[in-house]
Each structure stands twice: as structure tokens, then as C-alpha cells.
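In what follows, a single structure is set out as C-alpha cells and then discussed.
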Amino acid sequence: MNWNLKDIYKTKEDFEEAKQKIKDNLKNLEKYKGKLGESANNLYNCYRLYEETLEVYEKFYSYGMLTYHLDMANSNNIKLYKIVENVGTEFEKATAFITPEITRIENEKLLTFMNNEPKLERYRRELEEILKEKAHILSEKEEELLANYSEVFSSMEDTFDILTNTEFKFGKLKNADGEKVELTDSNYTYYLKDKNEEVRKQAFNLMYKKYSEFLNTIGELYITKVKSATITSKLRKYNSSLERAVDNDDATIKVYNALIEAVHRNLNVNHEFMKIKKDLLGKDEMHLYDIYVNPIEAEDDNISYEEASKQVLDALSVIGEEYVSKLKEAFENNWIDVYEKENKRSGAYSMGVYGVHPFVLTNFVNKKRDVSTIAHELGHAMHSYYSNTNQNVIDANYTIMVAEIASTTNEILLAMYQINNEKDENKKKELLYELMEMFRATFFRQAMFAEFEKIVHSKIEAGEMLTAEDLNKIYYDLNKEYFGENVVIDEQIKYEWARIPHFYTPFYVYKYATGVSAAIVIAKNILEKKPGYVEKYIDMLKQGCTKKSVELLKMVDVDLEDVATYENAIKWMKGLFLD
């Protein structure tokens, strides 16, 4: 039930040898500095050494981080992690010259290097990406100036985090047992799901009362962040901050607009789901603080890890024998650190260690949600496994645009398996409801956030002067439009934009909605046993970042630029509650 980190290094000496190897290689890389434009051979040798060093470094860093996360209070583990962090800083500094130096090579000369030196074919994708980015790279002095201001540009988010995470005190609410308890950002969602309406209402009011008190300050922080994004985008010769964001995501504006268009065409489906929620809750009026309650939650199950593993294996057997055999290897050969332990890192994640195998962290507490977490993280693990075993270390890292698709596909396959095999009608309804709620939160809610961002950035790029009250109105109107007439749109919700940290990473949230839409297409085709589809899916997982994300997903019949992709996902959700 614990990781076997000896799969990375069998002895302490192996770890030390890796550290020395990295340091020696970084020193050898220095001889190529200022000489990459001299010959194709120099360029190749530099990249070959960089690749070799990166492969060693990934194992080195992973070993330190994974060891630390097993016991974050252990002084030896802390020291080990500090060592790998310091080496990481050395690695970043020593390799920072490569991309800027390549950008200074004339395009024609670089293309000649690539076409005349067969060995450079291994790095063609990386070099072509640099060529593409050259149009948005400034002069050396301008880049240095922007780099010097990088801390200033990130200060809005840092200030927001400090203000809301350390200085906000939301006050106390009275829980269902009549006890006074402190409301925090961490337990807010827990109280919004409370069966007691008064508890939910207290939490909702306390949360937004605090944000309303600091609204002008937060408004100024967010508007300044948007301005810095729009100015930087303009300086880098993009038409808008949205164009810059989707370009960095390996996507297109057409993807973004197709998502918003599909949502607006089909908001009635979200409205119908709200009506179902309202009827199940038996309320004459359903407020926004009511929508997180599961009205048909069955009694908590106590699920053993063995039963959870069996459910995951059975549910994912539809992906084929090869896939399942690797999952069995993960369960049997210590890829997963399973249970909660004192000072172990909270939450769950998967880390693909190039040249070894993925490692998955969970904190299993025998709840049904834990089963879904295992399936989700093993989706990441299998994506990393296929990518790492089929690509070099540079091309193996798949883009953030596709990062959540394999994991969400696994979640959907598991949910459908559980629903189809559940004999208890109440539990079956609960599972159906949870799947629909997952889609609502991941698709409709994130699309609303994405539309809010697009409106705000567009207005500022058009020269409009916005205030916090303007942001309130934009956000409140979107809530009315997205939730429909079956929900009372409480006035306090106009402050919610002020507590969304993702807005400080412009145009990030839309990828949740595109990701779940792609996962639905994939899961549906797998479950329907479409001839040759599983093979296409596995082939897609093997590609790493060798193809553009939009083109990569076309391998599995997903076109993110097509409105129909999102409309079909919405139809799938509607089919769940019609059934």
C-alpha cells in the first residue's frame, strides 16, 4: 500500500551519482552558450546533452518530491527536497540560454540547419515551436525589461492570495448541532452542502459579506491584472489577451468561441436540471445556496480498498487487456501510496517519472468518492505511461489542454459502470445525480466563468473604464442567464467573481469545459464499442506533445473547434436525467 521508491534509486549512492551527473552535464552545456547559431552540429549536441540531463533530472527531482510528500515533517525529507529544489534552480539557470539564443538565429539559417542535419529531426517539433513563437518575442533588451517586471506583474495575484487566505476572517456560524464554528474558505463548500438550510444560508451570507467589505480593493487588483495581460499581449504582437492565452494553450480562439456559442444555444438544459434539483429538494424557492445539496444522497458506503480496486479494474476493462494489465501492475507493484498517514501530503495526484513508471498519491478513507479519485489519477498515470514509453523526454510532456481528458474519461467510465451495476434504486439515482452535477459544475459553471473573463478583457481592451460595481453587474447578469427562472439569484452572488483565484491566470478555466466535453465523446465511443476506437484512443495517449492539441484530439473524433462537440456533450447530460 506504499510507494516503492527504490524503483527510482536503489541506494543513496545512486541519488548522489545522479546529482553529480546533472552538475557535470550543466557545466558541459556552458560550452555551447553563444555558439548555437554557428553550426547545426552545435545545435544538435546542445539539445542532445540537454535531453540527457533532463531525463536524469526528472528522476532526481521526482525522488526528492515523492519522498518529502510521504512525511512532510521529517527533517531528512525536508532537507532532501531542498537539495532537489536547489539543483532545479541550477538546472533552470544553466539551460535558460537555449531558447532565447535560438530565437536570435535567422529563420532561413535555422531551417537550413533542420533540413540539412538529419539528427536534428529528433528536435524538429521543439524547434518549430520556437520558430512560431519568434513572432511574439521582443528584442533582447525588451525581453530583459519585461523579465525585470515579472514580479510586479504577478503581485496582484500574490496580494489577492495574502489578503483572502491569511487576513480574511469570515466569522462564526451556528451548525446543525447549535455549535458556533469558524467559517473558512476551506470548509465553506462543506457547509453549502449541509442538509440544514439555515446553515447553508449563514455560510453564504458570511462569505460574501466579507468579500463585499473589500470589494473595491479586490476589484482594483483584478482590473490591474487584466490590464497587465492586455498590455503584455499587445506588446507581444497579439490581437488580444485571449489570442495570446489560447495560443499558449495550443488551442485557438475558435475553440473558445465554439464553447460559448454551444452553451448559449443550450442553456435550457441547465435550466431543466435546476428544475429537477428544485423538485427533488421540495422547495417553493430554491436559492443559490441550495444548489450544492445532494437531495438524494444515500447513506455513506464503507468501501474497502480491495473493492475500490476491483471496481476500477472492472469499469476500465472496456479499454482493453493491455490497459488493464498495466492498471493491475500499478495496484500490485507499489505505484500507489494509498492511505492517509500523519504528515503525508493531502489530496491526490499522479506523477509520471520518465524512465521508471508513474507514481500515484491518494489519501484513501473508504468513501465512494475515493473510488472515483483512484480512477481519475490512474487516468493521468496511464497517459504518462504511454507518453513516456513512446516519446523522448522533451516530447513526452502532453499539453495542459489535454491533461485532464484521460483522467475524466476514466471517471465517466467508472460512473457509468457503477450506475449500470447498482441494484439499489436509491443508490443508482444518487450516482446519476452526482454524474450530472459533476457535468454542471465542470461544464456550465466553468463556461460562465470563461464568458465573464472574455467580457471583462474585451471591455478593457476597448478602452472602457471598469469599476468593481461594473464587474458585479456583469457577473450577476450572467448568473441570471445561466441558472434561469427556477433559481432565486441572491444579490450576494454578484460578489462571487471576487473570490475566484483562477481569474488571476487569464483564460484558464475554459479548459475544464473543453476537457469534460472531449472525455464524454471518448467514453461514449468506448462504451459503444466503436470498431477500432480503443486502439485510436491508446495511440492518442502515446503522442505526448508531438501534435497540436486540437489536431491530437481529432485522432479520437473530437473537434474542439466544432460547436457540435459541446452540444453533443450537453445532449449526453440531458439523456442522463431523461432516463
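Observations, loosely collected:
- Complete set of residues in region 152-181 that are over 30 Å from Glu101 (Cβ atoms) and exposed (fewer than 13 other Cβ atoms within 10 Å of the Cβ): Asp158, Asp161, Ile162, Asn165, Thr166, Glu167, Lys169, Ala176, Asp177, Gly178, Glu179, Lys180
- Against the list (1) more than 22 Å from Thr546 (Cβ to Cβ); (2) at pLDDT 95 or above; (3) surrounded by 16 or more Cβ atoms within 10 Å (Cβ to Cβ); (4) over 27 Å from the mean Cα position of the chain (by Cα), the condition Lys109 fails is (3).
- Note on region 182-205: residues that are surrounded by 19 or more Cβ atoms within 10 Å (Cβ to Cβ) and part of a helix (DSSP H, G or I) amount to 7.
- Residue list for region 247-271, restricted to those being part of a helix (DSSP H, G or I) and either under 15 Å from Val488 (Cβ atoms) or modelled with pLDDT under 95 (or both): Asp247, Asn248, His271
- Among (1) of a type in the set (Ser, Thr, Tyr); (2) over 26 Å from Ala298 (Cα atoms); (3) assigned to a helix (DSSP H, G or I) - the single one Tyr398 does not satisfy: (3)
- Only one of Leu313, Leu288, Leu280 that is assigned by TED's automatic domain parsing to the domain that holds Val353 and either out of contact with any strand residue (DSSP E or B) (no Cβ under 8 Å at 6 or more places or on another chain) or over 17 Å from Leu431 (Cα atoms) (or both): Leu313
- Matching residues, region 69-83, being in contact (Cβ under 8 Å) with a residue 60 or more places away in the chain, under 27 Å from the mean Cα position of the chain (by Cα) and assigned to a helix (DSSP H, G or I): His69, Leu70
- Some residue of region 231-252 being farther than 30 Å from Ser139 by Cβ and aliphatic (A, V, I, L, M): no
- Lone unmet requirement of (1) under 31 Å from the mean Cα position of the chain (by Cα); (2) surrounded by fewer than 14 Cβ atoms within 10 Å (Cβ to Cβ); (3) more than 28 Å from Ala229 (Cβ to Cβ) for Tyr149: (3)
- Residue in region 144-166 that is free of Cβ contacts under 8 Å to residues at least 60 places away in the same chain and in a loop (DSSP other than H, G, I, E, B) present: yes
- Flag for Lys79 being basic (Lys, Arg) and farther than 29 Å from Pro358 by Cβ: no
- The residues of region 279-292 that are more than 31 Å from the chain's Cα centre (by Cα) and in a helix (DSSP H, G or I), listed by number, are Asp279, Leu280, Leu281.
- Residue count for region 3-22 under the criterion of being touching a residue at least 12 places away in the same chain (Cβ under 8 Å), in a helix (DSSP H, G or I) and under 32 Å from the mean Cα position of the chain (by Cα): the result is 6.
- Which listed residue, of Tyr9, Tyr44, Tyr68, is assigned by TED's automatic domain parsing to the domain that holds Glu128 and either closer than 23 Å to Gly347 by Cα or in contact with a His (Cβ under 9 Å, 6 or more places away or on another chain) (or both): Tyr68
- Verdict on Thr467 being closer than 30 Å to Ile296 by Cβ and of a type in the set (Val, Ile, Thr): no
- If you filter region 327-341 down to residues that are in contact (Cβ under 8 Å) with a residue 40 or more places away in the chain and either surrounded by fewer than 18 Cβ atoms within 10 Å (Cβ to Cβ) or of a type in the set (Gly, Ala, Ser) (or both), you find that the one that is nearest to Asn74 (Cα to Cα) is Lys341.
- Here Asn302 clears all of (1) modelled with pLDDT of 95 or more; (2) under 23 Å from Glu422 (Cα atoms) except the condition numbered (1).
- If only residues of region 450-487 that are surrounded by fewer than 16 Cβ atoms within 10 Å (Cβ to Cβ) and among the hydroxyl-bearing types (Ser, Thr, Tyr) are counted, the one that is farthest from Val509 (Cα to Cα) is Thr467.
- The numbered conditions (1) loosely packed, with under 14 Cβ neighbours inside 10 Å; (2) part of a helix (DSSP H, G or I) are all true for Glu133 except (1).
- Asp562 vs. criteria farther than 20 Å from Thr408 by Cβ and surrounded by fewer than 18 Cβ atoms within 10 Å (Cβ to Cβ): no
- Matching residues in region 25-56 - criterion: being loosely packed, with under 12 Cβ neighbours inside 10 Å and in a helix (DSSP H, G or I): Lys27, Glu30
The values are calculated or read from the model by the stated rules, or taken from the named source; none is laboratory data. Just so we're clear, the structure is a prediction, and the values are computed from it rather than from any experiment. With ideal geometry, Cβ positions are generated from the backbone for all residues, glycine too; neighbour counts draw on all protein chains shown.
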